[in-house]
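To keep things clear, I will list the structure first and then write my remarks on it.
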Amino acid sequence: MKSLFHHIMLTLVALICLVPFLWMLSASFMSPGESARFPPRFFPENWTIEHYQTLFDRLNLSRYFINSVLISSAVTLLSLLVNSMAGYAFAKLRFKGKETLFKSLMAALIIPGQVTMLPVFLMLKEMGFINTYWAILIPGMASIFGIFLIRQYALSIPDSLIEAAKMDGATDFQIYRKIILPLCKPILITLAIFTFMGTWNDFLWPLIVLNDQDMYTLPIALANLMGEHVQDTELMMAGSVMTVLPVIILFILLQKYYIQGIMMGGVKE
Amino acid sequence: MKKILPFVLLAGFLAVSCSKQEPVTELRFWAMGAEGEKVKALIPGFEKENPGVKVNVQMIPWTAAHEKLVTAVASGTEPDLSQLGNTWIPEFVALESLMGLDSLTSRSADAAEDRFFPGVLATNRLDGVLYGIPWYVDTRVMFYRKDVFRKAGYDHPPKTWAELRDLCEKIKKQNPKNFAVYLPANEWAHFITFGLQAGSPILKDQDSRGAFSDPEYKKAFTFLMGFLYDSLAPPRFTDVTNVYQAMEQGYFSIYMSGPWNIPEFKKRLPAHLQDEWMTAPLPGPEGQYPGASLAGGSSLVMFKNSKHPGLTWKLIGYLSRTSVQLEFFNLSGDLPSVKEAWQDSVFLADKYLQAFRSQLDNVKSTPKIPEWEQIAFSRVQTFTEMTVARKLTIDETVYQLDESVNQILEKRRWYLQKTGKVKP
Amino acid sequence: MSRIRTRSRWSSVVIFLGPALGAIGIFFVLPVLAAFIMSFTDFDIYSLGNWEYARFVGLANYSKLLDNPVFWQALKNTFYFVLIGGPLSIAVSLMAAMMLNSPLTRLRSTFRVVYFLPVVTTLVAVAVIWRYIYHPKFGLLNYFLSFFDVSPVDWLGDPVWAMPALILMAVWKNFGYNMIIFIAGLQNIPRDLYESAMIEGASPWQQFRYITLPMLAPTTVFITLMTIIGYFQFFAEPYVMTQGGPLNQTLSIVLYMYQEGFRWWNMGFSAAVAFVLFLIIFLATALQMRLQKESTH
C-alpha cells in the first residue's frame with residue numbers, strides 16, 4: 001500500500017517532467033494550425049511529417065548537428081583536463097597562498113559573466129580567434145564551478161593514500177593520473193555531462209563569435225527558425241524536437257556510466 | 001560514342017579547373033530571420049550575371065541581431081553588406097562604420113534615388129549623407145470593420161482627427177460595453193505617429209533635447225489620451241490577448257498595424273467577416289490626408305571595411321531592380337521599396353495593399369540618433385503607461401518626459417560640442 | 001604513519017594550476033577589471049566608435065543607478081525570484097532525491113533519467129514549449145485549470161502572473177540538477193543509521209529531521225550557496241520568454257544589465273549594475289554562510 005502510493009507520487013512527478021516533451025512531439029506531427037485549437041489536442045488529427053521535411057530542406061540540419069557534437073565534445077574534454085588538474089592542486093598540493101587564491105576564485109563566481117562579454121570578444125579578436133571554434137573552446141576551458149566541484153570531491157580522498165604513493169616514489173603527476181583521476185571518476189562524469197549540455201545549449205556566445213553560417217550550432221538554427229511575425233507553432237515544435245532529441249538520446253546512452261559514477265560515491269569515507 | 005567520352009570528361013575537367021583558377025570573389029551578406037532565408041533564392045540570378053562572384057548569405061536570428069552586428073563592427077569583422085532596420089542606421093553611423101552612398105546613387109540606374117519613396121529614403125540620410133538603400137518598406141495603416149462603421153453612420157474611413165473622434169463616439173454609443181479603437185500604451189509607435197502628425201519634431205536642437213512639452217506633441221498626446229480616458233479605447237492593454245479575436249467580437253473596430261497583419265486577418269477572421277474588414281490610410285489633422293505614419297522597414301548598407309565595394313554596390317543595385325523587388329515580395333511578402341514595383345498588377349489588384357500605397361506617400365522618420373530606441377522603449381513607453389494608469393497627468397508626463405529624455409541626451413549634447421557639429 | 005608536511009614543488013603547482021588560472025585570468029579576471037574601470041566612465045555607442053568620446057565620470061553611474069526606479073524594480077524582481085524560487089527549487093530537488101533514494105523505489109534509474117530530462121534540454125526549445133503551455137487561449141495549463149473552474153489566465157502577459165510562471169518553469173527545468181547532487185549526498189548516509197532509528201521507533205519525520213538533514217548538511221550548504229548565486233544571476237528564462245515584460249515585472253538585474261549594455265550600449269552604466277549585483281550577492285552569501293555556521297554550532 002505504502003509502496004503503491006510511493007510509486008503513484010513518483011509517476012506523477014515523472015509525468016510533469018514528461019508531458020511538455022510528449023506534447024511537443026505530438027504537436028510536431030500536427031498539420032499547420034492544428035495546435036491552435038481549443039480545447040488543446042493531445043494527438044494529431046491529421047498526421048504529417050511535412051514540418052520535418054521543411055526542416056531538412058530549409059536547414060542544413062546534419063551539418064549543425066555535427067558542429068554541435070564537435071564543439072561540445074571538445075570543450076568537455078579540454079575543460080575536464082584543465083579543471084581536474086586545478087581541482088587536484090587545490091585539494092592536495094601544498095603551497096603558500098592556496099587558501100587565499102581559492103577564496104578569491106570563489107568570490108569571482110558571483111560576478112555575472114555577461115559583463116565580460118564585450119572585453120572577451122575584443123580580446124579574442126586581437127588573438128585572431130573570431131570565427132573559429134577556438135573562440136568557444138578557449139574561454140570555456142576553465143570553469144570556477146568545475147574546479148570547485150572537483151576540489152570538494154578530491155578533498156575526501158584520504159591523504160594516507162597519497163602519502164603511501166609518495167613513499168613509493170610517485171611524482172605529483174603520477175598521483176594525479178593513478179590515484180586522483182580514477183577515484184574522481186564519479187564527479188568527472190557529472191561535470192562532463194554538465195559541461196557538454198551547457199555548451200550544446202549555449203546560443204548567444206556562438207552566434208556572436210561565429211560569422212560563418214556553416215559553423216552554426218543547432219540552437220542558433222532553431223532561433224533562426226523563429227520568424228518575427230509568423231508563428232508556425234507546429235514547425236517550431238519540430239525544430240525543438242530536432243534540437244532536444246540528440247541530447248536526450250546521448251544522455252540516455254550515457255546515464256549508465258553516469259549513474260554508476262554516482263553509485264561509486266562511497267569511496268569518500 | 002565511346003570515342004567522345006574522354007573528350008567530354010577532359011572538357012568537363014578543364015571547365016572545372018578553369019573555373020577554379022579564376023579567382024572567386026566572396027561577398028558576405030548578413031540578413032535577418034525570414035528575409036535571410038528568402039533572399040537566398042534571389043542570389044543565383046546575381047551570381048549568373050557576375051561570374052566568379054559568390055554571395056555568402058548569413059542568416060542572423062532577429063533576437064540577437066543587434067548584439068551580433070555591433071560586436072562585429074566593434075571588432076572589424078563586419079560583412080560587406082547587411083540588412084539593417086531603418087532605426088538602427090544612426091547607431092552604425094555613430095560607430096563610423098557605414099559607407100556614404102551619394103556618389104554611387106547618382107550614377108546608378110537601379111538604385112537611383114528617385115526610384116524610392118522619398119519618406120523612406122529620408123530615414124537613411126543623416127546630416128546630409130545617404131547611408132542605406134531601402135530594401136523593403138513597412139508602415140502602419142488602419143485596419144477596420146466596415147460593418148461597424150456603417151452602423152455608426154460612416155460609409156468611409158475617417159479622414160481627419162475630428163472624424164476619428166466622432167466615429168469612435170458613435171461606435172461606443174452602439175454598444176457601450178465595447179470600445180472603438182485599440183491604443184495599447186505599451187506601443188510607443190501610436191503616440192509618436194500622432195505627435196509627428198501634429199507637427200512635433202519629437203526632439204529639438206539637433207535632436208539633443210526633448211520636444212514633448214512643446215504644444216505640438218502635447219496636442220497629439222492630449223488627443224490620444226482622450227480616447228483612453230473616455231473609454232473609447234481599452235485602458236488596460238493586458239485585457240486584450242488576441243487582437244483578431246477582439247476585432248471579431250467588435251471589442252474594438254480600429255487597429256493600426258502593419259502589412260504583416262494582412263495574411264493574419266485573412267487567416268484568423270471568420271468567413272462571415274472576410275468581406276467586412278478593410279485597410280485605410282491614417283487620418284490626419286485638418287487638411288492633411290493621409291496623415292503621416294512611421295517610415296519603417298529595412299535598408300541595405302555597405303560597410304567601410306568592405307574589400308569589394310564595387311561588387312557590393314552591384315548587388316544592392318540588383319536587389320533594387322523592379323523585377324527582383326517583385327520576386328522578393330512574392331517570396332517574403334515584404335513590401336517593395338521601389339515605387340515602380342507597385343504598378344505591377346499584383347498590387348493594383350489587392351484591395352488591402354492600396355491603403356499602404358497611399359500611406360507610403362506620407363511617411364515620416366523618427367529622430368535619427370543612436371539613442372532613439374532607448375528613448376522610445378524605455379522612456380516614451382514607460383511614461384505613457386503611467387499616464388494611462390493615471391499615475392501622472394498629461395502635463396506632468398510631458399514635462400517629466402522631457403526631463404528624463406534630456407538626461408539621456410546629455411552625452412549627445414557633449415558629443416555635438418566636442419565634434420564641432422553644433423549648428424548656430 | 002607520520003604525515004609528510006612538506007610543501008609541494010612549485011613546478012607541480014605551476015603545471016597543475018597554470019592552465020586553469022591562466023584561462024580564468026585572461027578571460028575572466030582581466031575583462032572584469034576592464035569592466036570595473038568602465039563602470040566609472042560613460043562608455044557608450046559613441047565611445048565604441050571612437051575611444052575619445054568616453055569620459056571619466058567618477059561615481060555618476062552608481063548614483064544614477066540608485067536614482068533609477070527601473071533598477072529598484074529589477075532588484076525587487078530578483079529578490080522575489082531568489083526568495084520564492086530558490087527555496088522552492090531546493091525543496092523540490094530534495095523531495096525528488098529522497099523519493100528516488102527510498103528503498104521502496106523500483107525502476108529507479110528510469111525515474112532518475114526522466115527527472116533529469118528537463119535539465120539537459122535546450123532552453124530555446126523549452127521556451128517554445130512553455131510559451132505554448134502558457135498560451136492564454138490554447139495552452140495546456142489553462143485547459144487543465146478549466147476543470148477546476150479557473151478562468152483563463154494570460155500567464156506571461158499578466159503583470160501579476162508572469163513572475164510565478166517563470167519561477168514554475170525555472171523550477172521544472174532545474175530541479176533535476178540539484179536532485180542529482182542531493183542523491184549523491186544521501187547515498188553517503190550509512191543505511192544502518194536509519195535501521196537503528198527504526199528499531200528505536202523513530203517516525204519518518206523524525207528520521208528526516210534527526211538523520212537526513214544533519215547528515216546532508218554539507219551538501220545542503222553547497223546547494224544553497226550555488227542556488228543563491230545562480231538565482232541572483234537569473235537571466236536566460238526571462239531573456240527568452242518575456243524580455244523582462246510585462247511592465248518590467250520579470251526584469252531581473254542581470255537582464256537589466258544586459259539590456260543597458262547590449263541593447264542600448266550604455267556599457268559604463270551596465271558595468272556599474274554588474275558590480276552592484278556583485279556586492280549584493282557577496283553580502284547574501286556571506287550572510288548565508290554566517291547563518292549556517294551559527295546553526296551548526
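The values are calculated or read from the model by the stated rules, or taken from the named source; none is laboratory data. Everything numeric in this text was worked out from a predicted model, so none of it was measured. When we count neighbours, we look across all protein chains shown, and the Cβ atoms used for this are built from the backbone with ideal geometry, even at glycine.
Can you tell me which residues in the range B:365-408 are in contact with a Lys or Arg (Cβ under 6 Å, 6 or more places away or on another chain) and either among the hydrophobic types (A, V, I, L, M, F, W, C) or closer than 16 Å to residue B:224 by Cβ (or both)?
If the condition is that a residue be in contact with a Lys or Arg (Cβ under 6 Å, 6 or more places away or on another chain) and either among the hydrophobic types (A, V, I, L, M, F, W, C) or closer than 16 Å to residue B:224 by Cβ (or both), then B:398, B:405 are the ones that fit.
Of all residues in the range B:28-44, count the ones that are basic (Lys, Arg) and more than 10 Å from chain A (Cβ to nearest Cβ). Step through it out loud before you land on a result.
Step one: of the range B:28-44, the residues basic (Lys, Arg) are B:28, B:38, B:40.
Among the residues that remain, those that are also more than 10 Å from chain A (Cβ to nearest Cβ) are: B:38.
Summing the residues that are basic (Lys, Arg) and more than 10 Å from chain A (Cβ to nearest Cβ) in the range B:28-44 gives 1.
Of all residues being touching a residue at least 60 places away in the same chain (Cβ under 8 Å), within 14 Å of chain B (Cβ to nearest Cβ) and within 24 Å of the chain's Cα centre (by Cα) in the range C:47-90, which is surrounded by the most Cβ atoms within 10 Å (Cβ to Cβ)? Just the residue, please.
The residue in question is C:74.
Just one of the numbered conditions (1) in contact (Cβ under 8 Å) with a residue 40 or more places away in the chain; (2) under 30 Å from residue B:37 (Cα atoms); (3) part of a helix (DSSP H, G or I) is not true of residue B:370; which one?
So residue B:370 meets the others, but not (3).
Of the residues A:124, A:137, which is closer than 29 Å to residue A:250 by Cβ, assigned to a helix (DSSP H, G or I) and touching a Leu at 6+ places or on another chain (Cβ under 8 Å)?
When all the criteria are applied, what remains is A:137.
Take the conditions in a helix (DSSP H, G or I) and either of a type in the set (Val, Ile, Thr) or closer than 30 Å to residue A:47 by Cα (or both) and apply them to residue A:245. Does it pass?
Answer is yes for this residue.
Consider residue A:206 against the criteria (1) surrounded by fewer than 17 Cβ atoms within 10 Å (Cβ to Cβ); (2) more than 10 Å from every other protein chain (Cβ to nearest Cβ); (3) under 22 Å from residue B:33 (Cα atoms): it satisfies all of them except one. Which criterion is unmet?
The single condition residue A:206 does not satisfy is (1).
For the range B:365-398, which positions are over 18 Å from the mean Cα position of the chain (by Cα) and closer than 19 Å to residue C:270 by Cβ?
Within the range B:365-398, B:378, B:379, B:382 meet the criteria.
Only residues that are among the aliphatic types (A, V, I, L, M) and either more than 7 Å from chain A (Cβ to nearest Cβ) or under 18 Å from residue A:36 (Cβ atoms) (or both): list them for the range C:120-131, please.
C:126, C:127, C:128, C:129
Among the residues of the range C:11-22, is there at least one that is closer than 25 Å to residue A:110 by Cα, in a loop (DSSP other than H, G, I, E, B), more than 7 Å from chain A (Cβ to nearest Cβ) and at pLDDT 90 or above?
So far as the range C:11-22 goes, no, none of its residues is closer than 25 Å to residue A:110 by Cα, in a loop (DSSP other than H, G, I, E, B), more than 7 Å from chain A (Cβ to nearest Cβ) and at pLDDT 90 or above.
Of all residues in the range A:48-74, count the ones that are modelled with pLDDT of 85 or more, of a type in the set (A, V, I, L, M) and assigned to a helix (DSSP H, G or I).
Of the residues in the range A:48-74, 5 are modelled with pLDDT of 85 or more, of a type in the set (A, V, I, L, M) and assigned to a helix (DSSP H, G or I).
If I filter the range B:268-282 for residues that are part of a helix (DSSP H, G or I) and of a type outside the set (A, V, I, L, M), do I get at least one hit?
Looking through the range B:268-282, at least one residue is part of a helix (DSSP H, G or I) and of a type outside the set (A, V, I, L, M).
All but one of (1) buried (at least 21 other Cβ atoms within 10 Å of the Cβ); (2) at the interface with chain C (Cβ under 7 Å from one of its Cβ atoms); (3) assigned to a helix (DSSP H, G or I) hold for residue A:111; state the number of the condition that does not hold.
(3)
How many residues does the range C:91-105 hold that are free of Cβ contacts under 8 Å to residues at least 24 places away in the same chain and within 7 Å of chain A (Cβ to nearest Cβ)?
4
Write out, first by first residue and then by second, each pair whose Cβ atoms fall under 9 Å of each other, whose residues are 6+ apart or on separate chains, and whose first residue, in the range C:229-253, is within 11 Å of another protein chain (Cβ to nearest Cβ) while the second is assigned to a helix (DSSP H, G or I) and among the charged types (D, E, K, R).
Every condition considered, the pairs that remain are C:240/C:131; C:247/B:385; C:252/C:237.
Among the residues of the range B:294-303, is any in a loop (DSSP other than H, G, I, E, B) and within 25 Å of the chain's Cα centre (by Cα)? Let's see the steps before the verdict.
Here is the first cut: in the range B:294-303, the residues in a loop (DSSP other than H, G, I, E, B) are B:295.
From the residues that got through so far, the ones that are within 25 Å of the chain's Cα centre (by Cα) too are B:295.
Yes: one or more hits.
Among the numbered criteria (1) over 27 Å from residue B:365 (Cα atoms); (2) buried (at least 21 other Cβ atoms within 10 Å of the Cβ), which one does residue B:294 miss?
Answer for residue B:294: the failing condition is (1).
Which number in (1) at pLDDT 85 or above; (2) crowded, with 16+ Cβ neighbours inside 10 Å marks the one condition that residue A:36 misses?
Only one criterion in (1) at pLDDT 85 or above; (2) crowded, with 16+ Cβ neighbours inside 10 Å is unmet by residue A:36, namely (1).
Looking at C:269, C:282, which is the one that is aromatic (Phe, Trp, Tyr) and either at the interface with chain A (Cβ under 10 Å from one of its Cβ atoms) or surrounded by fewer than 22 Cβ atoms within 10 Å (Cβ to Cβ) (or both)?
On the way: C:269 fails: either at the interface with chain A (Cβ under 10 Å from one of its Cβ atoms) or surrounded by fewer than 22 Cβ atoms within 10 Å (Cβ to Cβ) (or both).
Answer to the check: C:282.
Against the conditions (1) more than 21 Å from residue A:24 (Cβ to Cβ); (2) facing another protein chain (nearest Cβ under 9 Å); (3) modelled with pLDDT under 80, where does residue A:250 fall short? Just the number, please.
(1)
If residue A:96 passes every condition in (1) closer than 30 Å to residue A:183 by Cβ; (2) without any contact (Cβ under 8 Å) to a residue 40 or more places away in the chain; (3) in a helix (DSSP H, G or I) but one, which one does it miss?
Status for residue A:96: all satisfied but (3).
Do any residues in the range A:102-127 that are touching a residue at least 40 places away in the same chain (Cβ under 8 Å) have Cβ atoms under 6 Å from those of residues that are of a type outside the set (A, V, I, L, M, F, W, C), where the two are at least six apart or on different chains, and which pairs are they?
From the range A:102-127, the pairs are A:121/B:71.
Condition test on residue A:91, is it touching a Lys or Arg at 6+ places or on another chain (Cβ under 6 Å) and assigned by TED's automatic domain parsing to the domain that holds residue A:232?
Details: touching a Lys or Arg at 6+ places or on another chain (Cβ under 6 Å): yes; assigned by TED's automatic domain parsing to the domain that holds residue A:232: yes.
Considered against the rule, which asks whether it is touching a Lys or Arg at 6+ places or on another chain (Cβ under 6 Å) and assigned by TED's automatic domain parsing to the domain that holds residue A:232, residue A:91 comes out as yes.
So which residues in the range A:130-143 are free of Cβ contacts under 8 Å to residues at least 40 places away in the same chain and surrounded by fewer than 19 Cβ atoms within 10 Å (Cβ to Cβ)?
A:132, A:134
Does the range C:254-266 hold any residues that are more than 8 Å from chain A (Cβ to nearest Cβ) and in a helix (DSSP H, G or I), and which are they? Give the steps one after another, and end with the answer.
Just the residues of the range C:254-266 that are more than 8 Å from chain A (Cβ to nearest Cβ), to begin with: C:255-256, C:259-260, C:263-266.
Result: C:255, C:256, C:259, C:260, C:263.
Of all residues in the range C:107-119, how many are more than 7 Å from every other protein chain (Cβ to nearest Cβ) and among the polar types (S, T, N, Q)?
The total comes to 1.
May I ask you to list the residues in the range B:90-138 that are among the β-branched types (Val, Ile, Thr) and under 12 Å from the mean Cα position of the chain (by Cα)? Steps first, answer last, please.
Looking only at the range B:90-138, we keep the residues that are among the β-branched types (Val, Ile, Thr), and these are B:93, B:105, B:120, B:123, B:129, B:133, B:137.
Correct list: B:120, B:123, B:137.
Return the only residue of A:172, A:159 being surrounded by 16 or more Cβ atoms within 10 Å (Cβ to Cβ), more than 24 Å from the chain's Cα centre (by Cα) and not basic (Lys, Arg). Don't jump to the end; show me each part of the working.
Numbers: A:159 fails: surrounded by 16 or more Cβ atoms within 10 Å (Cβ to Cβ).
Exactly one residue qualifies, and that residue is A:172.
Output the qualifying pairs, or none if there are none: Cβ atoms under 6 angstrom, residues six or more apart or on different chains, first residue in the range C:134-160 and at pLDDT below 85, second residue acidic (Asp, Glu).
C:136/C:154
Among (1) farther than 28 Å from residue A:122 by Cβ; (2) touching a residue at least 60 places away in the same chain (Cβ under 8 Å), which single condition is residue A:171 missing?
(2)
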